[in-house]
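Structure, as structure tokens:
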Amino acid sequence: MANVTFPYPFPEHLFALMPEMFVAVIAMALLLLDLFIARDKKATTAYIAIATCLTAAVLSVQAMMPEPIIAFYGFFVLDQFAVLAKVLICLGTAIGMILSINYMKDEANVGEYYVLMLFSMLGMMLMVSATNFITMYLGLELMALCIYVLVGYQRDLLRSNEAALKYFILGALSSCMLLYGVTFFYGVTGSFDFVTIGKGLATADSGAHTAIMLGLVFIIAGLGFKVSMAPFHMWTPDAYEGAPTPVTAFMSAAPKVAGFAIFIRILVDVMPAIQHEYTMILTGMAVLTMAVGNLAAIMQRNIKRMLAYSTIAHVGFVMLGLIAANDDGYAGIMVYLSIYLFMTMGAFGIIILMRRDGIHGEMLDDFAGLSRVRPGYALAMGLMLFSLAGIPFLGGFWAKYVVFMAAVEAGHLYLVLYALLFSAVGAFYYIRVVKYIYFDEEKVAFNFQESRLMQATVVVMTLAIVALGIYPDPLIDLCKHAVAGLI
């Protein structure tokens, strides 16, 4: 019998991919298992999916080593930065699933909904551990394709179909732009590997300058779409409004962590030689993003659209960490995203709890007089909104403080002053909602459907925001430690 020789040896350090393999296996098994679960027992699928998210987070921490691990023929890295991002992604996905249990229970094919969230999470986990554009793009598209379907999951609603179609078309365009930029870098360096491209760009001759700049512009445009940077933000309000509210909560947190994590990795490994050029581009985009997000949010009467523009505004603030281009800036981004996850998902949790008898709880008038009927809900929503506004001493204050200080230390004082101006503008539309809650008369009946699990989740997120506002040092130190291995 002839000996069969495989072209590649068995991959080393395969245990580093254990969290991803676990999620993939459970997601596929759950898709089959759901066929045998009775319609009135579909919550079982949700609980299995939530347990999968939390287990994946634990496995990610357990797989971490003191030194970065390069696995799967150099296509995958597991370092402390990737582990932190994966834990946040898994946590954000698990919270999104908890918010979905009551909301989606009457929808058709609800079991597939949780499988799609798991596959989307898997794509994000692959993204943050990518060492080259091939792995990054595979993870990015797995994440995006699942979210396109999730946005349009309520097929009977016109706005859901419209939002999904618009998101899909613009998402496909952004993916093409990203790939087009990658081809320029490949043409200059002959590689898709991040570090190899970084070395190639540093030694490229002047004749390749135009190709490098075109690649830079298209890559930033492609990634900017995924994290809602202006002027690539146009999909965000429609997708946030049209998607089921738990999907909106999920989209506002977990994909942002994955998008900024891979953005940081690309800037550190691929673009150190062109830092001046990408800083100029990102500065202009940050100015536009903060202006568009905050000014457009003022005009919104639908709170989901308001929070969509709020997300765009916060992306502009987070971009200050990218522009700073130092370890404090990158650590500040992770601090911001960690706190933002609790703030935004807590706010959407309250919105979902407001849903009752044909009222979606999405209009500002739906919140009028809430404090007199549900003081606990009113307090939680007020704290979330004050934290989003950056009021001391809540978690959102420290989120902005760390990225602002990093930008100041990097010499971008005027940009920080501009950010402070729009942070004050942003406080207006957050405080306006609080005014509805505490000072306006009730306009709709408050006959809520209670959910103990959701209420407990909102309480935990509210306490987290208060605790981080009082004592943020452990989170800041954790993020600095995680980022240190990248620099």
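The values are calculated or read from the model by the stated rules, or taken from the named source; none is laboratory data. Treat the numbers as computed from the prediction; the structure is a model and nothing was measured. Neighbour counts are summed over all protein chains in view; Cβ atoms, including those assigned to glycine, are modelled from backbone coordinates with ideal geometry. All accessible areas refer to the heavy atoms of the entire protein, side chains included, with ligands and DNA or RNA removed. Shrake-Rupley method; radii C 1.70, N 1.55, O 1.52, S 1.80 Å.
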**Message:** Only one of Ser371, Ser338, Ser310 is open to solvent by 10 Å² or more (accessible area, probe 1.4 Å) and either of a type in the set (S, T, N, Q) or part of a helix (DSSP H, G or I) (or both). Can you tell me which?
**Reply:** Ser371
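Of all the residues that make up region 139-157, how many are open to solvent by less than 40 Å² (accessible area, probe 1.4 Å) and not in a loop (DSSP other than H, G, I, E, B)? First the steps, then the outcome.
Step one: filter region 139-157 for residues open to solvent by less than 40 Å² (accessible area, probe 1.4 Å), giving 139-141, 143-144, 146-148, 150-154.
Imposing the further condition that a residue be not in a loop (DSSP other than H, G, I, E, B) reduces the set to 139-141, 143-144, 146-148, 150-151.
Going through region 139-157 one residue at a time, the tally reaches 10.
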**Request:** Being open to solvent by less than 10 Å² (accessible area, probe 1.4 Å) and either touching an Asp or Glu at 6+ places or on another chain (Cβ under 8 Å) or of a type outside the set (Ser, Thr, Tyr) (or both) is the filter here, so list the residues in region 283-305 that pass it.
**Result:** Ala286, Met290, Gly293, Asn294, Ala297, Ile303, Lys304
**Complete:** Taking region 222-261 and keeping only residues that are touching a strand residue (DSSP E or B) at 6+ places or on another chain (Cβ under 7 Å) and at pLDDT 95 or above, one is left with none
**Item:** Where Gly74 falls short, out of the listed (1) in a loop (DSSP other than H, G, I, E, B); (2) over 30 Å from Gly329 (Cβ atoms)
**Value:** (2)
**Prompt:** Can you find even one residue in region 205-219 that is modelled with pLDDT under 95 and among the aromatic types (Phe, Trp, Tyr)?
**Reply:** no
**Item:** Qualifying position, being touching a residue at least 24 places away in the same chain (Cβ under 8 Å), among the hydroxyl-bearing types (Ser, Thr, Tyr) and assigned to a helix (DSSP H, G or I), among Ser160, Ser228
**Value:** Ser160
**Message:** Being of a type in the set (D, E, K, R), modelled with pLDDT under 90, open to solvent by 10 Å² or more (accessible area, probe 1.4 Å) and assigned to a helix (DSSP H, G or I): is that true of Asp328 here?
**Reply:** no
**Prompt:** Just one of Met271, Met280, Met251 is among the aliphatic types (A, V, I, L, M), more than 29 Å from Gly152 (Cβ to Cβ) and surrounded by 24 or more Cβ atoms within 10 Å (Cβ to Cβ); which is it?
**Reply:** Met271
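Is it the case that region 109-127 has a residue that's over 20 Å from the mean Cα position of the chain (by Cα), farther than 14 Å from Ala27 by Cβ and at pLDDT below 95? Please lay out each step first, then the result.
Our first condition is that a residue be over 20 Å from the mean Cα position of the chain (by Cα); within region 109-127, this holds for 109-112.
Imposing the further condition that a residue be farther than 14 Å from Ala27 by Cβ reduces the set to 109-110.
Keeping just the survivors that are at pLDDT below 95 gives 109-110.
Yes, region 109-127 has at least one match.
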**Message:** Take the conditions exposed (fewer than 13 other Cβ atoms within 10 Å of the Cβ) and β-branched (Val, Ile, Thr) and apply them to Val87. Does it pass?
**Reply:** no
**Asked** When Ala164 is evaluated against the numbered criteria (1) at pLDDT 90 or above; (2) open to solvent by 10 Å² or more (accessible area, probe 1.4 Å); (3) over 28 Å from Ser310 (Cβ atoms), which criterion, by number, is the only one it fails?
**Response** (3)
**Complete:** Within region 125-137, the count of residues that are open to solvent by 10 Å² or more (accessible area, probe 1.4 Å) and either under 23 Å from Leu32 (Cβ atoms) or touching a His at 6+ places or on another chain (Cβ under 7 Å) (or both) comes to 1
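Go over the candidates Met290, Met285, Met306, Met319 one by one and state the one that is among the aliphatic types (A, V, I, L, M) and farther than 22 Å from Phe263 by Cβ.
Details: Met290 fails: farther than 22 Å from Phe263 by Cβ; Met285 fails: farther than 22 Å from Phe263 by Cβ; Met319 fails: farther than 22 Å from Phe263 by Cβ.
Of the residues listed, the single one that is among the aliphatic types (A, V, I, L, M) and farther than 22 Å from Phe263 by Cβ is Met306.
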**Prompt:** Is at least one residue of region 313-322 touching a Ser or Thr at 6+ places or on another chain (Cβ under 6 Å), in a helix (DSSP H, G or I) and surrounded by fewer than 24 Cβ atoms within 10 Å (Cβ to Cβ)?
**Reply:** no
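Only one of these is closer than 23 Å to Asp328 by Cβ and within 21 Å of the chain's Cα centre (by Cα): Phe393, Phe422, Phe386, Phe404. Name it.
On the way: Phe393 fails: within 21 Å of the chain's Cα centre (by Cα); Phe422 fails: within 21 Å of the chain's Cα centre (by Cα); Phe386 fails: closer than 23 Å to Asp328 by Cβ.
Being closer than 23 Å to Asp328 by Cβ and within 21 Å of the chain's Cα centre (by Cα) holds for just one of Phe393, Phe422, Phe386, Phe404, which is Phe404.
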**Request:** State all residues of region 38-76 that are of a type in the set (Gly, Ala, Ser) and modelled with pLDDT under 90; if no residue qualifies, say none.
**Result:** Ala38, Ala43, Ala63, Ala71, Gly74
**Fill in**
Note on Leu122: of the conditions (1) in a helix (DSSP H, G or I); (2) surrounded by fewer than 24 Cβ atoms within 10 Å (Cβ to Cβ), unmet is (2)
**Request:** Name every residue in region 184-240 that is aliphatic (A, V, I, L, M), touching a Phe, Trp or Tyr at 6+ places or on another chain (Cβ under 9 Å) and over 20 Å from Ile281 (Cβ atoms), in order of residue number.
**Result:** Ala239
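To keep it simple, each residue is scored yes or no on (1) open to solvent by 50 Å² or more (accessible area, probe 1.4 Å); (2) among the hydrophobic types (A, V, I, L, M, F, W, C); (3) not in a helix (DSSP H, G or I).
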site	(1), (2), (3)
Tyr377	no, no, no
Met405	yes, yes, no
Tyr414	yes, no, no
Val425	no, yes, no
Tyr436	no, no, no
Glu441	yes, no, yes
**Asked** Taking interchain pairs and intrachain pairs at least six residues apart, which have beta carbon atoms under 7 angstrom, with the first residue in region 240-257 and charged (D, E, K, R) and the second modelled with pLDDT of 95 or more?
**Response** Lys256/Leu337
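So which residues in region 103-127 are aromatic (Phe, Trp, Tyr) and farther than 20 Å from Leu78 by Cα?
Matches in region 103-127: Tyr103, Tyr113, Tyr114.
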